[in-house]
1. Return a whole-number percent for the relative contact order of the chain, with Cα pairs under 8 Å and 6 or more residues apart as the contact set.
2. Would you work out the relative contact order for region 1-155, in percent, from Cα pairs under 8 angstrom that are 6 or more residues apart?
3. I'd like the distance between the alpha-carbon centres of region 185-222 and region 1-69, rounded to an integer number of Å.
4. Given only helices, namely DSSP H runs of n ≥ 4 each adding -39500 (n - 2.57), what is the per-residue ellipticity at 222 nm of the chain, to the nearest 500 deg cm²/dmol?
5. For ILE144, list long-range residues whose amide hydrogen, built 1.01 Å from N in the peptide plane, is under 5 Å from its own amide hydrogen.
6. Search the structure for amide H atoms under 5 Å from the amide H of LEU68, placed 1.01 Å from N in the peptide plane, and list their residues when 5 or more places away or on another chain.
7. Could you report the chain's accessible area per residue, 1.4 Å probe, as an integer in Å²?
8. Taking amide H positions as placed in the peptide plane 1.01 Å from N, state which residues far from HIS30 in sequence (5 or more) or on other chains have amide H under 5 Å from it.
Amino acid sequence: MQFIKNFTDLKAFISASSEKKVRVVAVCPHDDHTREAIEAAINEGLAEFTLVGTPDKMGALPSLAAHLIEEADTDRAAYLAVEEVRQGRADVMMKGLINTDNLLRAVLNKEHGLLPAGKVLTHITAAQIPGHHKLLFFSDAAVIPFPKPEQRTAQVGYLAQVCRALGIEQPRIALVHCTEKVSPKFPVTLDYEMLKEQCGQGLFGNAIVDGPMDAKTAVDIHSAQVKGIQSPIGGDADALLMPDIEAGNVFYKSLTCFAKAQIAGMLMGAACPVVLPSRGDSTESKLCSLALACATSIALKQ
């Protein structure tokens, strides 16, 4: 598979990659940006859609979608969408105009939800940053406040999976912190040592996992050389593991505000990728998130 470096190439790859389109179930696509993203995805041949919600609030979407499930109650709509995935009728779930808590309540339901026993739900972001030569992935900016060691292991595994879905055969995953030294004063650095050992044991497949290191030396070759960082990451990381949600969220918001990055995001760990945009995300951001989830779904089924 080709190495996909930007969202334009990602959308082109998906539209040409399979005769059978990825099936997306959209929960309450009642807001303008969600509707516009779905319409663009249909027109660009990225996916086919099942819509769950109130038809009067969907504009022209029902005439474009493959299926329509009418349901005015948002909680009930979320559970119906989950059931579409459970019954094998959808490969990706997308959040529309519904509170995240309401959607996750259905996804995480122990009896009828989408999170397999023992799995970890986490958030993966892909950022297209002006001036940077490729997409940059990172986790977690939205779900896990202070990851436990087993959750960090899952996060690294998901980052590696998503990188490979976009053609990166050997993902370089940097373990981000404010220092390059391992110290009991920073317990997260001890977790990082564990992750490097797991990588050496082959737990993440063909991948490079190294750290701790700061975000700049992880992604800037010159900075890594000036600081004398001896790492197989080489200042060219594909993905960053953030120490906690505070760092991840600040990084996310800083990229969008100051670097004007184009952002895509989704949840991993459930039975299917879940597109979980913010209500304030643009149409293009939601479309890119759909593309990221569709590419990941295609890769997971191969």
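1. Working: 616 pairs, mean separation 68.6, N = 302.
With pairs under 8 Å counted, the relative contact order is 23 percent.
2. On the way: 230 pairs, mean separation 33.0, N = 155.
Across region 1-155, relative contact order equals 21 percent.
3. So the two Cα centres are separated by 36 Å.
4. When only DSSP H runs of four or more count, the value is -12500 deg cm²/dmol.
5. Answer set, sorted by chain and number: HIS123.
6. LEU51
7. 44
8. The list, which skips near neighbours in sequence, is LEU97.
The values are calculated or read from the model by the stated rules, or taken from the named source; none is laboratory data. Because the structure is a prediction, the values reported are computed rather than measured. Cβ atoms come from the backbone with ideal geometry, glycine included; neighbour counts cover every protein chain shown. When the accessible area is computed, the model is the full protein with side chains, heavy atoms only, and any ligands, DNA or RNA have been set aside. Shrake-Rupley method; radii C 1.70, N 1.55, O 1.52, S 1.80 Å.
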